[in-house]
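Reading through the structure tokens given below for one structure.
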Amino acid sequence: MNGLDQIFVGTGHWIAGLFPVYVQPLISAALEIAIMMAVFGGCFALTSVVERKLLGRMQNRYGPNRVGPFGLLQPLADGIKMLTKEDIVPFSADKTVHFLAPLALSVPIWLAFAVLPFGRNMSAIDLDAGILFFFAIGSASELAVFMAGWSSQNKYSLVGAMRAIAQMISYEVPLVLSTVPVLMLAGSLSLNEIVAAQGTYTLGGLARWNVFTPWGLAGLLLFLIAATAESNRSPFDLPEGESEIIAGFLTEYSGFKYALFFLSEYLGLFAITGLAVTLFLGGWHAPFRWLEWVPSWLWFAGKFCALIFLFVWIRATLPRLRLDQLLNFSWRFLVPLSLINILVAVAWYWSGSWKSPVALPVRWVLCAALVALPYHWLAQSLRGTLPPPRKYTYAE
Amino acid sequence: MDGAGIIKGMIETARNFAGSYHDEARLTTVQYPEEKLAPVENARTIPFLVYDGAEALPGLRCTACMICEKECPPQCIYIVKDTVKKPDFVGKMQMQPKVFDIDISVCMSCGICVEVCPFDAIKMDQVFELSTGDRFGGLLLNKTQLAKPNDYFNKLHKTEAAEIDLRRVEEKQKAEAAAAAKAAAPAKPPMAPPPAP
């Protein structure tokens, strides 16, 4: 179990050991950076083609199947196309900011990967306030998006950037609030300790993942909805709504700068998916005790891929929201529900000391009702904000 | 229940996803360069010139009347009249084009040239693989490139071509009858009995 599980860690130590002691920290840091960029860069290339193939299949099409076997070399062709395209900067654009925006977007997103634990002993930095670091770094992307929109001197870019700001700030709140129960019950802001808190097993060898509790399940759903909006993905892709504002803040970008935006968008999705796995799905832990022999990084990769599939599935299914629907949904539904979810977690924590054979089912029913009833009421009130059904006088 | 619609939609896409792998009939797309759909009868791309008989240029129906050139909204047709006339299908002497060019990079496939042509000489084609490396010369078609036989027109637009052919046969018969009557006319009056006063 240990050999395969620690193969990357062991190899890294071995390579670092080849160098003199005083450069070893530098070498191991460089190795971690190189591996992370290679793995997630490759992940981006693969996702860009697999997502299109899955979307195609979900819409009864083939998807890209021309370049290479099963179209798998498509990212290579896309990359060559992006690199050889002319890099156009609008005449009236603020050249410096226009140039800096893609960099300002992609650098923080790479940094966010530093705190994620990808396997046993496999996190680049074990920060005590890892999750705070993650959200602090993640919110820097809003600035970059607005830089891109403002510096382009284009009305579509500006409208796209305004939408992006409104959306990202609104959804940052439920995103952070839905993680609060996890932090409260794990008692730590360190992602490694949050994973360790989910590493024990309960009845039948089932892992104590947060998602197997009422507040955890609700928290995961809230987190995923907010994460979809944070990474500008359909059905919350208003900032790039191509049917209304061409490409939003990306309108004036071409060539490699556009590719950087595209890359950052997917990397942001990967980072936030990794965080969802870490917070709610037990990180790199196996779901059952008897499955512990599978390497930890494989578990992480499996859960990661499943969540990415879910995001693609949602994208293939749901149509884009209107801006008022989007903001109503966040402020009148997600924010109150994630606040209530914190109270549900508190109830779950207090009722943990009950000593009774029926304690677990009772706790489950109680906590599930505590989150399901507000869900229903909030959904009803949200329905009240919709305009009445339109009456068509002439068109039937 | 709240959110049931989303779940229903997700199930539908999941069924498409699984179904597209085992049920080929679900896939609505065609693998284009290998597999091609037959164009529908009313499909139209760019105009072409119809000719009768075996040879293209002598058989052109076009009489260089310039109506299509004047009517063409993006003005992609360029015609120069020839000085030599040639007989048309009923034997009447008609003008013919010396130059007939269509710039298909300008053509917007509206079909107005076809609507206005009184001689059924210009019709809409259904070719669409027109890409070329030379975007100026390669997309400017002359009358040799544009000329296509009536059989080809019959193959593309069956109904329309059959009507036109029938009408042309009738016109030809009428013209022949008229010619015969004209030829017989000088001989006729003496033979006919004078009407009773």
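Using 0.36 nm times the number of residues separating B:Ala38 and B:Asp52, minus their current alpha carbon distance, what extension gain do you get?
2.5 nm
When Lys and Arg each count +1 and Asp and Glu each count -1, what net charge do the other residues less than 13 Å away from A:Ala144, Cβ to Cβ, add up to?
Counting the neighbours of A:Ala144, the net charge comes to -1.
Mind checking the dipole of the protein assembly as shown: about its Cα centre, +1 per Lys or Arg Cβ, -1 per Asp or Glu Cβ, Debye to the nearest 20?
The dipole magnitude comes to about 980 debye.
Out of A:Val176, A:Gly149, A:Ile109, whose Cα points farthest toward the positive end of the dipole of chain A (charges: +1 Lys, Arg; -1 Asp, Glu; placed on Cβ)?
So the residue we want is A:Val176.
Looking only at A:Leu238, A:Leu222, A:Leu55, which one moves most when chain A is put into a Gaussian network model with springs between Cα atoms under 10 Å?
Maximum fluctuation in the GNM of chain A, among the listed residues, is at A:Leu55.
At 7 Å along the Cα-to-beta-carbon direction for both A:Leu76 and A:Thr385, put a label point, then send me their distance in nm to one decimal.
If labels sit at A:Leu76 and A:Thr385, their model points lie 4.9 nm apart.
Net charge within 13 Å of B:Phe136 by Cβ-Cβ distance, Lys/Arg positive one each and Asp/Glu negative one each, not counting B:Phe136 itself?
-2
If you count, for every residue in A:49-61, the Cβ atoms of partner chains within 10 Å of its Cβ, what is the mean?
Counting Cβ atoms of other protein chains within 10 Å of each residue's Cβ and averaging gives 4.
Using Stokes-Einstein with the Kirkwood hydrodynamic radius over Cα pairs, what translational diffusion coefficient do you get for segment B:57-197 at 25 °C and a viscosity of 0.890 mPa s, in µm²/s rounded to a whole number?
Stokes-Einstein gives a translational diffusion coefficient of 138 µm²/s.
Given the options B:Asp101, B:Asp82, B:Asp120, which has the most mean-square fluctuation in a GNM of chain B, springs set between C-alpha atoms less than 10 angstrom apart?
Largest GNM mean-square fluctuation: B:Asp82.
Hey, what number do you get for chain A at 222 nm if only DSSP H runs of n ≥ 4 count, each worth -39500 (n - 2.57), divided across all residues, to the nearest 500?
-21500 deg cm²/dmol
Kindly express, to the nearest 10 degrees and within the range 0 to 90, the angle between helix B:4-22's C-alpha long axis and the longest C-alpha principal axis of chain B.
Approximately 70 degrees, to the nearest 10.
Quick one: what are the phi-derived ³J(HN,Hα) couplings along segment B:103-118, Karplus 6.51/-1.76/1.60 with θ = phi - 60°, whole Hz, x for glycine and proline?
Going residue by residue, I get 8, 6, 6, 9, 3, 10, 6, 6, x, 5, 4, 5, 4, 8, 5, x Hz, with x marking Gly and Pro.
Among B:Ala162, A:Val312, A:Trp354, which residue has its Cα furthest toward the positive end of the charge dipole of the protein assembly as shown, with +1 on Lys/Arg Cβ and -1 on Asp/Glu Cβ?
It is B:Ala162.
Specify which residue in the list A:Gln6, A:Ser123, B:Pro33 is farthest towards the positive end of the charge dipole of the protein assembly as shown, using unit charges on the beta carbon of Lys, Arg (+1) and Asp, Glu (-1), about the Cα centre.
B:Pro33
Using the crude model of +1 on Lys and Arg Cβ and -1 on Asp and Glu Cβ, and no other charge, please compute the dipole size for segment A:1-84 relative to its Cα centre, in debye to 20.
560 debye
Taking the Cβ of A:Val115 as the center, what net charge do the other residues with Cβ under 13 Å away carry, scoring Lys and Arg +1 and Asp and Glu -1?
-4
What dipole magnitude, in Debye to the nearest 20, does segment A:90-341 give about its Cα centre under +1 on Lys/Arg Cβ and -1 on Asp/Glu Cβ?
That gives a dipole near 360 debye.
Could you tell me how many degrees, from 0 to 90 and to the nearest 10, lie between the Cα long axis of helix B:158-184 and the main elongation axis, the longest principal axis, of the Cα atoms of chain B?
In chain B, helix B:158-184 runs at an angle near 0 degrees to the longest axis.
Assuming R0 = 25 Å, what is the FRET efficiency of B:Glu24 and A:Ala306, from their Cβ-Cβ distance, to the nearest 0.05?
Efficiency for this residue pair is about 0.35.
If I model a spin label as a point 7 Å beyond the Cα along the Cα-Cβ vector, how far apart are those points for B:Asp103 and A:Ala196 in nm?
Modelled inter-label distance: 7.6 nm.
Nearest 0.05, what FRET efficiency do A:Ser353 and A:Leu103 give at R0 = 56 Å with Cβ-Cβ as r?
The computed FRET efficiency comes out at 0.60.
Rank the residues A:Ser151, A:Ser254 as a footprinting-exposure proxy: fewest other Cβ atoms within 10 Å of their Cβ go first.
By the 10 Å Cβ count, ascending: A:Ser254, A:Ser151.
Along the Cα-to-Cβ line of A:Thr84, 7 Å from the Cα, sits a label point; which residues in segment A:241-266 have backbone N less than 16 Å from it?
Output list for this probe position: A:255-256.
Take the Cα atoms of the protein assembly as shown, find their three principal axes, and give me the spread along each one in whole Å, biggest first.
134, 64, 49
Mind giving me the FRET efficiency for A:Tyr394 and A:Val9? R0 is 45 Å, r the Cβ-Cβ distance, nearest 0.05 is fine.
The calculated FRET efficiency here is 0.05.
Coordinate-derived values only; no laboratory data. Just so you know, these numbers come straight off a predicted model, no measurement behind them. When we count neighbours, we look across all protein chains shown, and the Cβ atoms used for this are built from the backbone with ideal geometry, even at glycine.
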